[in-house]
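S.K.: Sharing a structure below in structure tokens format, with a few things to ask.
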Amino acid sequence: MNKKIGFIGIGLMGLPMAKNILKAGYNLKAFNRSQSKAEPLKEFGAEISPTINDAVSYTHLRAHETDSY
């Protein structure tokens, strides 16, 4: 399965987290309100999402697959 992750929020914590996800071999589509903060992820193979909805719909996970209750 080709695992795809939609990632929202590329800040002080989000940038290193997103890089680690990419290094682990996942495909990642990132959204940030300030798109310029997400741009550095392109060199690691990420796609930049123009909207939150685009990033969310990119992921292969759904809420019912992640709920623990």
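S.K.: For the chain, list log₁₀ I(q)/I(0) at each q in 0.28 Å⁻¹, using the Debye formula over Cα point scatterers of equal strength and ignoring solvent, two decimals each.
M.R.: -1.28
S.K.: State in Å² the accessible area per residue of the chain; use a 1.4 Å probe, count heavy atoms of protein chains only, and round to the nearest integer.
M.R.: Details: 4820 Å² over 69 residues.
Heavy-atom SASA per residue in the chain reads 70 Å².
S.K.: At Asp54 and Ala24, where each label point lies 7 Å from the Cα along Cα→Cβ, what is the point-to-point distance in nanometres?
M.R.: So the two model labels end up 2.5 nm from each other.
S.K.: How far is it, in nm, from the label point at Met17 to the one at Phe44 when both lie 7 Å from their Cα along the line to the Cβ?
M.R.: 1.2
S.K.: Report the FRET efficiency, 1/(1 + (r/R0)^6), for Asn2 and Ser34, where r is their Cβ-Cβ distance and R0 is 35 Å, rounded to 0.05.
M.R.: It comes to 0.75.
S.K.: Could you work out the local net charge near Gly11, counting Lys and Arg as +1, Asp and Glu as -1, over the other residues with Cβ closer than 15 Å to its Cβ? Intermediate results must be reported in sequence, preceding the final value.
M.R.: Values: positive: Lys19, Arg33, Lys37; negative: Glu39.
Around Gly11, the charge tally is +2.
The values are calculated or read from the model by the stated rules, or taken from the named source; none is laboratory data. None of the values given here were measured: they were computed from a predicted structure. Counting neighbours? That spans all protein chains shown, and the Cβs are built from the backbone with ideal geometry, glycine included. Protein only, heavy atoms only, side chains kept; ligands, DNA and RNA dropped before computing areas. Shrake-Rupley method; radii C 1.70, N 1.55, O 1.52, S 1.80 Å.
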